[in-house]
Amino acid sequence: MTEMTIDKEDAATDGLAVRISGLRKAFGAKTVLSGIDLEIRRGEFFALLGPSGTGKTTLLRILAGLELPDAGTVLAARRRTTVYQEPRLIPARRVLANVILGLPAAAREAGRRALAEVGLEGYGRAWPATLSGGEAQRVALARALVRDPEVLLLDEPFAALDALTRLQMQELVAELCARHRPAVVLVTHDVDEAVRLADRVVVLREGTLAVDQTIDLPHPRDRNSAPFVDYRRLFLSHLGVVPASH
């Protein structure tokens, strides 16, 4: 029996933003997710690692309500928003109109505050075509945050950015999530990114949870520290990568 419920009251039980039980999803003869059991607390920053084709994005799409499971129960908080790898801005609308897309006109002031939070104060009348890649992704983040999400879904949102901009965006997301306290689900292929940002990291392999590891390190995290390196080595080993010797 399949139950797909996006409901604030049900999902909030015991302080949880997401509760998944017995989740299964297949595409034709290929089973992508098999018997997934998972709970994510409110305010928790949760990262999903795994090789391509292991079900990371499928799980995110199920949480977003864009896919239905074939079996199992999915309970999630009602207010959830997604930031994708590409900003998905509408070229014919100015920046502020993109941020409050689908919201009433009264949301314009909240939209301006969201732009200020992501470092784009005064950009409301700019056109998307005039923005750099990092600026466009900041607009996408503002569009997500202005909706006050209980669950923020991040689908490799930094993958298309250059290395410096990527680090800056990671710092910004960490700061904003600490301030707003949504439950965050980050899909990434970058092990260092997961260890740097997440409270907890899961490795998906062959449709199942191979690792579910709490990251017990204070912020900000030094990627050259011994504990950081140990976590990196742990996740790389479960991803089938032999870490470089130090």
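Since every read-out is calculated from the coordinates, none of them should be taken as a lab result. Given the structure is predicted, the values throughout are model-derived calculations rather than measurements. Quick reminder, even Gly has a Cβ in these numbers, built from the backbone with ideal geometry, and neighbours come from all protein chains shown.
Descriptive notes on the structure:
- Compactness relative to 2.2 N^0.38 Å, alpha carbon Rg of the chain: 1.02
- Extension gain, Ile90 to Asn224, is 44.2 nm, computed as 0.36 nm per intervening residue step minus the present C-alpha separation.
- The phi-based Karplus calculation (6.51 cos²θ - 1.76 cosθ + 1.60; θ = phi - 60°) puts the 3J(HN,Hα) values of the range 181-197 at 6, x, 6, 10, 10, 9, 9, 8, 9, 9, 4, 4, 4, 4, 5, 5, 9 Hz, whole numbers, x for Gly and Pro.
- Relative packing of 226-232, 110-116, 140-146, which averages over residues the other C-beta atoms within 10 Å, highest first: 140-146, 110-116, 226-232
- Multiplying each eigenvalue of the alpha-carbon gyration tensor of the range 95-138 by 5 and taking the square root yields semi-axes of 17, 11, 8 Å, largest first, rounded to whole angstroms.
- Between the amide H of Val83 and those of Leu153, Leu154, Asp155, distances stay under 5 Å, these residues lying 5 or more places away or on another chain, with hydrogens modeled in the peptide plane.
- Mean sequence separation of contacting Cα pairs (under 8 Å, at least six apart), scaled by the length of the chain, corresponds to a relative contact order of 24 percent.
- When the chain is treated as a Gaussian network with alpha carbon springs shorter than 10 Å, the biggest mean-square fluctuation among His219, His189, His180 belongs to His219.
- Computed from the C-beta positions of Ala105 and Lys30, the FRET efficiency with R₀ = 35 Å rounds to 0.15.
- Computed extension gain for Arg79 through His189, at 0.36 nm per residue and net of the alpha carbon distance, reaches 37.0 nm.
- Hull volume in cubic angstrom per residue (convex hull over the Cα atoms of the range 128-234): 120 Å³
- The relative contact order of the range 93-167, computed from alpha carbon pairs under 8 Å that lie at least 6 residues apart in sequence, is 34 percent.
- With both labels modelled 7 Å from their Cα along Cα-to-Cβ, the Asp162 to Ser237 distance reads 3.8 nm.
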